[in-house]
Structures are given as C-alpha cells and as structure tokens.
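Novice: A single structure is presented below for examination.
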Amino acid sequence: MNALGVVRSLTGKSWVWRPAVEERIGQGLAQQLDLPELMGRLLAARGVSVADAPVFLDPTLRALLPDPSSIIDMDVAATRLADAVMAGEPIGVFGDYDVDGACSAALLVSLLRVLGCTVYHHVPDRILEGYGPNSEALRAMAERGARVLVCVDCGTSGHEAFAPLHNMADIVVFDHHKSEGAPPPIRALVNPNRLDCGSGLRDICAAAVTFIACVALLRTLRQRGFFAARAEPDLREYLDLVALATVCDVMPLTGLNRAFVIQGLRVMARRARPGLAALLEVAKLAEAPTAMNCGFALGPRINAAGRIAEADMGLRLLLTEDAGMAAALAQTLDEVNKQRQLVEAAVTAEALTLAEAQMDAGHGVLLLAREGWHTGVVGIAAGRVKEKFNRPALVAGITNGVAKGSGRSVPGIDLGAAIIAARQAGHLTTGGGHAMAAGFSLPQEGLSAFHAFMNERLAQAGDLPLSAELTLDGVLGIAGADAALAQLVARLGPFGNGNAEPLFVLPRARVVRSDRIGKDGGTIRAMLEGEGGGRLKALLFRAKEGPLAEALDRTGGAPLHLAGHLRAESWQGRVSAGFFITDAAPA
C-alpha cells in the first residue's frame, strides 16, 4: 500500500510503509523497556523481541563474540602464528587495497609487532598486480626471511599464487570472500564462507575474521605462558579498525557486527590512533565519529589511494605512530580523494548514459565497458548506476583488449555467486566477490557473451521496479521531532546494511527559509514549518539539480510531504534535532 498516496515522488520513487507488526508487540516492547511507543514499534519492525532488546540496544563483545575455534582452521592458524611469535620468526602480511584489506593488515601487523615480531607487509597495486595474492610479492617477503606468509582479505582462491611457495614458507589466509571448490593446499584457510565451515559467521568482514584470529593467537600464547613476564596486549584498542572495515565493506549491522561497530566507534572517539585522528581532522569531524562518518568520510579517503595512487598509503596511515607523518599522509589522501572524485564523476556520467540505453533495450543486468575508464573507480560508478536504475550493475575499463571491472548488486540478488558461475562457465578470466559486490576481468571480445550469461543467470533482476521503493517507518509531526526523540532513535544505530535507519515522513511541511551551503552550493539548508506548529532545521545533500532540489529552493510554496531521517546533532556541547531529507512529494 502506498504511503500517503505517493506513487511517484520527486525522485521517481514509490513510497510504501514498512510491513506492520502486531501493534501489541510494539506496545509491549515500549512498556517493558520504558520507551516511547514509537521506539517499541521501530524495534518490533526490526524483529527485535523483548528478550533480545537489551543486547540489541547495548551489544557487547562479551555477549556476542564467538569461540574462535568455531571457525575451521582457526586453531591451526593460531598455533602456527604462536610458534612464529615464540621462535622470533619474521612474518609477511599481504593485504588488499580497500578499507577492509588495509584495516585487516594494520590490525595484524600492529599486534605482531607489539608481540615482538619482525613483520613485512605488501599491498598490491590495483593496476599492475590486480586483486589477490601474487607469487612475486609473496616470494619477495619470503626471501627477506618471512617463514609465515599471511594473506588478509584475499587468498581464498589463491591456488596458483601459492603453488610455487610451498617450500619457502607456511601460508595462512584470513578472508571472508565466497569460496568455491577445495581450498588451496596451505597451512590454514580461515574463512567463515568456506563451504565446509559451520561457524555461521558468513556476514563478517575480513578485519573481523582477523580480530577473532588475534583473540585465538593471544589465547594460545597465554596457555603457553608467553605473558608470564610481559604485558598482554588489549585487543579492544584495535576495534576502531574492525568498526571502520565493517561499515566500509557494507556488512550487515546486526548481531556481532553491531557490537564491533558500537565498541569500535567508542575507541575511535578517543583518537588514540594517529592515522585515524589525522583523517578525522582532515575530514573536519570534530565530534565523536559515527558509522556514517566511516562510510562517507573516512573510508573514501583510505580507498582513494588504492584506486588511483600508491596502494599501501592507507595501510601506512593506519600503522604510523608519528603524528606528523599521520597528518602528512592524511592530507595527501584527502588530495588524492579529490582527484578520485573528478575521475569518478567523468566515468559515472558516461556509464549512466550507456545504462539508459541498456534499460531501454530491456536488460536486467547492466554491463557497461569503455576504453580508457580508470579501473580504480569503476566500482563507485557501478554503485551509482545501481542506485539510479535499481539493477545489478557491472562497470569495466578496457585496456589493451582486456576488460577489468567491478559490480554492485541490489538486495536479494547474489552478484558474487553469479560472477563465480560466469567464471566457471568460461566467460571470465578472473572473478569473485560476495553478494553485494564483485570483481571480474575478461577479454574485450567476450563482453557480449558475458552480458547474455548474466542476464540469464539473474533473470529476476528484469522484474525489479525501475526505481527502488522508499520504505517509510512512520509519520512525525514537526513539533514533536525534537532532540530527545532524535537521541532515542539513535539508540537503534549504528545504521547501514541490514539495519536501515528509520525513515520518517513529515506531512504537509512548508519550507519557510532555504539557502545553499557547502562546496559549490551542493547542499540545501532549510527551515521547515509544520501545519500543527513548530519549526525544524533540515538539510539536503547532493542537491545541485533536479526536481527535489528545485522544490526545496522555493520558499513559501505549496506544502510538501518530506521523507528523511531524524538525527541528533551535537555542536559545542549542545544537542539539537535535524531532519536529513531524502525525498519529497507534493502534498
């Protein structure tokens, strides 16, 4: 049923109410937890029971962290790393060039160094080396003396890369990407997504896997008496890295992941890690960081280096203990991110034009490829195409006859599995990923056949609506949308994949004042007034053009139904409510 009768909003979306639960469930939650009825309804709509509510509202690792041994090969990996620590063997760590890879590597390298190990690390160049482990880089660390080589956020399908190295070093993998077939014959492959792993932890990122591995390592060392004469590291100090990776790798923010993010954000707020403190400073984030800050401010800056600059710059930022070095690296990453935005904007504009033609031709999956597109930004472009057309989108750059790209999917359509199937069917040279994102490469001449395969494999995508529905949680009056309510709603966070931020509608609101702020006037700041009285400040980001921006630019016009998020904003110790607009419709 359409919400407020909105079939097509100013952004082209149909508004619907979130499926209702029995009213008595929400009321019961509110009464037993001493919360407003709105909060009870929001909890019930997210499937939270009275018994689960305390852990949902205050998730702790004590309650949710699993026994590391529940993940296959974890005890083998912990034993081998403990042997290396106690014997003083050098260790090599091979990471990935995205945020999850950088955080996983930083976590492991930092802890091993605290334990007294000599640690070498390598992050592959996206263009020159591609994704995943390669024999040359691994061999180089082994030749420097590394007796154990650890791959983080990659390596599950590293059979070819590992084959020449078996006589040089023991290989351990901490990963979370989808697995297929038999694991490579290495010392340990720790991946909850292994086909033979029964841990049930299929929705955690590589940094989370690495953190749990560190728990197992310290447990093994403790059992051997390693800490009898030295202090045991406090692993809680590394949770800022796990939180950042969990958010940026778009893991579901439920269960254990909620605990990682909430506890990790508290660590991040202390700004004890020089690299993240410098990055927060560059991003002009003075208040305590949020999950949104991780996803939209910190993550893109770390990712930028791996996309178009030095691949290991993000890892170096996270590892440095020198505040001056951290400030310099953060400033460089900020500049690189600005360059990335320009490159990405050009690729995205062309990709959207090509996607329009494919939509007209009836494709369920959008595959867009062009000579000269920078492969470091094709994943971002794919995300933009997916958002606009509500279709799985694959975007590739073509260089010397080879198309290399990334894909992004919509909820309910497993892109990673389809990409693996395409590789197994001979359409791809390389390919893999998880449900919502994947990478691939193939000869240029194979693009048409690959596209046909994906259209057939993901035929259900063709039945999706042309734009995603906007699911609303309820109606708010402007007079009641105050700071106290905003702070209560924030208790449902962190918000993201798997735990959507409540989306409210302000019915028949009027824009009584608006102006443009930010770089190039890209943000609209407005003051709203409700029919029943009250005023509420509001913001609309990415508001350069379009019907929504035009409607908010007008003051004193006809009333609007406004959809958005109610958030508590803190400034110099004062908390106020703000409404962050996502859509609107004529009232």
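The values are calculated or read from the model by the stated rules, or taken from the named source; none is laboratory data. Just so we're clear, the structure is a prediction, and the values are computed from it rather than from any experiment. A quick note on method: Cβ atoms are made from the backbone with ideal geometry, for glycine too, and the neighbour counts reach across all protein chains shown.
Novice: Answer yes or no: is there a residue in the stretch 124-143 that is among the basic types (Lys, Arg) and at pLDDT below 95.
Specialist: The answer is yes; a qualifying residue exists.
Novice: Here is a further query. Among the residues of the stretch 422-452 satisfying the criterion of being modelled with pLDDT of 95 or more and under 24 Å from the mean Cα position of the chain (by Cα), which is surrounded by the fewest Cβ atoms within 10 Å (Cβ to Cβ)?
Specialist: Per the criteria, the residue is Ser441.
Novice: Next question, about the same structure. What number of residues in the stretch 115-172 are of a type in the set (Ser, Thr, Tyr) and part of a helix (DSSP H, G or I)?
Specialist: Adding up the residues that qualify gives 1.
Novice: With the condition being crowded, with 22+ Cβ neighbours inside 10 Å, I'd like the helices (runs of 4 or more DSSP H) fully within the stretch 1-109 carrying at least 1 qualifying residues.
Specialist: Hits in the stretch 1-109: 23-33, 37-45, 74-87.
Novice: All but one of (1) outside any loop (DSSP other than H, G, I, E, B); (2) surrounded by 17 or more Cβ atoms within 10 Å (Cβ to Cβ) hold for Arg391; state the number of the condition that does not hold.
Specialist: If we test Arg391 against (1) outside any loop (DSSP other than H, G, I, E, B); (2) surrounded by 17 or more Cβ atoms within 10 Å (Cβ to Cβ), just (1) comes out false.
Novice: Ala228 - would you say it is out of contact with any Pro (no Cβ under 6 Å at 6 or more places or on another chain), surrounded by 20 or more Cβ atoms within 10 Å (Cβ to Cβ) and of a type in the set (Gly, Ala, Ser)?
Specialist: On the way: out of contact with any Pro (no Cβ under 6 Å at 6 or more places or on another chain): yes; surrounded by 20 or more Cβ atoms within 10 Å (Cβ to Cβ): no; of a type in the set (Gly, Ala, Ser): yes.
When the stated conditions are applied, Ala228 does not pass them.
Novice: Continuing with the same structure: Go through the stretch 360-381 residue by residue and tally those that are over 17 Å from Leu464 (Cα atoms) and touching a Pro at 6+ places or on another chain (Cβ under 9 Å).
Specialist: Number satisfying all stated conditions: 1.
Table: residues versus (1) more than 22 Å from Met251 (Cβ to Cβ); (2) at pLDDT 95 or above.
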site	(1), (2)
Gly275	no, yes
Ala309	yes, no
Gly324	yes, yes
Ala349	yes, yes
Glu356	yes, yes
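Novice: Now, a different point. Consider only pairs whose beta carbons are under 6 Å apart and that are at least six residues apart or on different chains; among these, list those whose first residue lies in the stretch 412-437 and is under 19 Å from His176 (Cβ atoms) and in a helix (DSSP H, G or I) and whose second residue is among the small types (Gly, Ala, Ser) and modelled with pLDDT of 90 or more.
Specialist: Short answer, once both residue conditions are applied: Leu415/Gly407; Leu415/Ser409; Leu415/Ala438; Gly416/Ala438; Ile419/Gly431; Ile419/Ala438; Arg423/Gly431.
Novice: Right, here's the next one. Checking the structure you have, find out if any residue of the stretch 552-565 is modelled with pLDDT under 90 and either buried (at least 19 other Cβ atoms within 10 Å of the Cβ) or within 27 Å of Thr290 (Cα to Cα) (or both).
Specialist: Looking for residues that are modelled with pLDDT under 90 and either buried (at least 19 other Cβ atoms within 10 Å of the Cβ) or within 27 Å of Thr290 (Cα to Cα) (or both), one finds none in the stretch 552-565, hence no.
Novice: Does any residue of the stretch 463-471 turn out to be in a strand (DSSP E or B) and either more than 24 Å from the chain's Cα centre (by Cα) or farther than 30 Å from Pro59 by Cα (or both)?
Specialist: Filtering the stretch 463-471 down to residues in a strand (DSSP E or B) leaves 470-471.
Retained after the next criterion (residues that are either more than 24 Å from the chain's Cα centre (by Cα) or farther than 30 Å from Pro59 by Cα (or both)): none.
The answer is no; no qualifying residue exists.
Novice: May I pose another question? Assuming Thr375 fulfils every condition listed in (1) among the polar types (S, T, N, Q); (2) outside the structural domain of Phe450 (by TED's automatic domain parsing); (3) more than 21 Å from Leu265 (Cα to Cα) apart from one, which condition is it?
Specialist: With (1) among the polar types (S, T, N, Q); (2) outside the structural domain of Phe450 (by TED's automatic domain parsing); (3) more than 21 Å from Leu265 (Cα to Cα) applied to Thr375, the lone miss is (2).
Novice: Failed condition for Pro133, given (1) closer than 30 Å to Ile25 by Cα; (2) within 26 Å of the chain's Cα centre (by Cα), with all others met?
Specialist: Of (1) closer than 30 Å to Ile25 by Cα; (2) within 26 Å of the chain's Cα centre (by Cα), only one is false for Pro133: (1).
Novice: Continuing with this model, one more query. List the number of the failed condition for Gln263; all other conditions in (1) over 25 Å from Ile72 (Cβ atoms); (2) polar (S, T, N, Q); (3) without any contact (Cβ under 8 Å) to a residue 40 or more places away in the chain hold.
Specialist: For Gln263, the failing item is (3).
Novice: Please state which one of Glu287, Glu350, Glu335 is out of contact with any helix residue (DSSP H, G or I) (no Cβ under 7 Å at 6 or more places or on another chain), surrounded by fewer than 21 Cβ atoms within 10 Å (Cβ to Cβ) and touching a residue at least 40 places away in the same chain (Cβ under 8 Å).
Specialist: Glu287
Novice: Still on this structure, please answer the following. Do you know which of the residues in the stretch 263-287 that are aliphatic (A, V, I, L, M) and within 22 Å of Pro59 (Cα to Cα) is nearest to the chain's Cα centre (by Cα)?
Specialist: Only one residue fits best here, namely Leu265.
Novice: What single numbered condition from (1) in contact (Cβ under 8 Å) with a residue 60 or more places away in the chain; (2) crowded, with 16+ Cβ neighbours inside 10 Å; (3) not aliphatic (A, V, I, L, M) fails to hold for Gly462?
Specialist: (2)
Novice: Taking Gly412 as the residue in question, decide whether it is surrounded by fewer than 20 Cβ atoms within 10 Å (Cβ to Cβ) and within 26 Å of Val99 (Cβ to Cβ).
Specialist: yes
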